[in-house]
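The values are calculated or read from the model by the stated rules, or taken from the named source; none is laboratory data. From a predicted model like this one, the values you see are computed outputs, not experimental measurements. Positions of Cβ are backbone-derived with ideal geometry, glycine not excepted, and every protein chain shown enters the neighbour counts. Note: areas computed on protein heavy atoms with side chains; ligands, DNA, RNA excluded. Shrake-Rupley method; radii C 1.70, N 1.55, O 1.52, S 1.80 Å.
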Amino acid sequence: MANSWFALLALALETGGVTGLLSPTAGNLELAAYLIAHAMACALLTLILLPLMPSRYRGQPITTGVFLFTLQFAIPFIGSVGLVLGMLLALYLPRSSRDIPWQEGDIPELPFQPIDMDLQVVYSQGGLRQVLREAIDTDKRLKALMATRQMNDRDAIEILREALKDPSDDVRLLAYSMLEQKEKTLAQRAGTLQQSLQSADDLTSVSLQRRLAQVWWEMAYLGLAQGGLRQYYLDSAGKLLRRLVARRSQHNDWRLLGRVELALGNIDNAEEAFRSALAGGSSPELIMPYLGEVAYLRRDFDQVRQHLSACPLERFHPANRPVIKSWL
């Protein structure tokens, strides 16, 4: 009830002061009277608004009261109306509903025992090698082997072969099983291609021979085949690729043939194949690192730099850039 009387009195003071100020005979006396009436109206409205403020502002009544009074007094009439409307609208109108982009959940209970971070496997080639060499716990080494499934085949196979020397039977058996599974998959693929070649027509056989050569190369490249078996796969792949390029020269076949010859140690044949790939339209950034390797095996280091500088560094594969940068 008191707030209503204060509001009416403040409105009357404000209205009376404005009316006197706008009269044709207004002078300094009317201006002083308006300022006094306006100050009284602002003080009354401050008393009304102060209890409506949030609790954190009501705890500092002097600071909040001075702020409300100053804001109203600085903007005659409009300041008081705007402040009252702003306060009432902000405090009493419902908030607009917004979609919450997350869902709250209950706080989970703490585990009975803290997690042993030393048991967490680092999923990188260096981290897994370190685990296999230094971890005492067999389960930890087994987890490291299982983690190789997330790596590319060549890096994984190197780690699995290293695990074949592990003192634990479980680790060795798991590594052998995973290696055998990879080898079995490629062997089955090669067997399927060889069977398809027996009944394929002349055009289809070209595609099948190319895929078979790639499988044999992959067996040797990944390290699944060792010793004489590796030699057999490389020789078989080389024969198929030479047959393919003799029939129809394609730069991809020449490039793979060059890699096969390089793996066999036939440096001259490898260089000839890589240059034929370039002549057939292969991208220089795919061939120049191999020609640089050929030059390195011949100990022609000037030729290595010449080949590696033939293309801008950013065009080479990211894995080759550190080596190329060190040479240039």
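Structure summary
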| read-out | value |
| --- | --- |
| Residue-normalised accessible area of the range 141-241, given per residue in Å² at a 1.4 Å probe | 54 Å² |
| 15 Å beta-carbon shell around residue 287, net charge (K/R +1, D/E -1) | -2 |
| Estimated inter-spin distance, residue 185 and residue 158, nm [label 7 Å along Cα→Cβ] | 1.9 nm |
| Accessible area in the full protein assembly, largest first, 1.4 Å probe, for 134, 261 | 134, 261 |
| Shape category assigned to the range 193-269 from the gyration tensor of Cα positions, a/c cut at 1.5 | oblate |
| Of all accessible heavy-atom area on the range 150-249, the percent that carbon and sulfur account for (1.4 Å) | 46 percent |
| For the range 276-328, radius of gyration divided by Kirkwood radius, i.e. Rg to Rh on alpha-carbons | 0.95 |
| For the range 188-200, 3J(HN,Hα) per residue [Karplus equation, 6.51 cos²θ - 1.76 cosθ + 1.60, θ = phi - 60°, Hz, x = Gly/Pro] | 5, 5, 5, x, 5, 5, 5, 5, 5, 5, 5, 10, 7 |
| Inter-part distance where the range 283-321 and the range 211-225 are each reduced to a Cα centre, Å | 24 Å |
| 177, 236, reordered so the largest accessible area comes first (probe 1.4 Å) | 177, 236 |
| Solvent-accessible area per residue for the range 270-328 (1.4 angstrom probe, square angstrom) | 58 Å² |
| The range 169-258, relative contact order [Cα under 8 Å, separation at least 6], % | 24 percent |
